[in-house]
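Chemist: Below you will find the structure I want to go over with you.
Computed from the coordinates by the stated procedures, all read-outs in this text should not be read as laboratory data. These figures come from a predicted structure and were not determined experimentally. Every residue, glycine as well, gets a Cβ built from its backbone with ideal geometry; the counts of neighbours run over all protein chains shown.
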């Protein structure tokens, strides 16, 4: 009788142990994009351009102590978008995507507050999809482009109408 109970326990515990140590079958798919702000507005306008070849860094830290436990880099494609696949579930960790560099010398100044984006990389939050999206991150042009005054004026008029 004891051997049957032991066998039953073994058959119940073994699958749980295997699934706990095996990496996720469906990795998280983190997507975002990097743009250049030629108007130096600090937010996206109709004048923004996408930056191909910008480098970003995904960094996850422990909540307590802020020890970095995971990092990976990615580069934007020709449309300014990046995709990072993450196999691990980062349950109680704080994960941020950060700007690293811009290949455009005329647009390589980071915009404070828009130089990183917080992302949630866990399945224990009610989100059914494996897709995760980061807010857009901005580099600022070194000089204000022509036509920006008109764009910002139009945006202000639209804001006053609402």
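Chemist: For a test of the definition: using alpha carbon positions, the gyration tensor, and the 1.5 limit on a/c, classify segment 26-161 as rounded, prolate or oblate.
Modeler: prolate
Chemist: Now a separate question. Ranking 43, 82 by Cβ neighbours within 10 Å, fewest first, what do you get? Write down the numbers at each step before the final one.
Modeler: Values: 43 13, 82 22.
Fewest-to-most Cβ neighbours within 10 Å comes out as 43, 82.
Chemist: Provide 50, 33 in ascending order of the number of other Cβ atoms located within 10 Å of each residue's Cβ, fewest first.
Modeler: With the sparsest Cβ surroundings first, the list reads 50, 33.
Chemist: For each of 151, 84, count neighbouring Cβ atoms within 10 Å of the residue's Cβ, then give the residues from fewest to most. Walk me through the numbers before you get to the answer.
Modeler: Numbers: 151 16, 84 21.
Fewest-to-most ranking of 151, 84: 151, 84.
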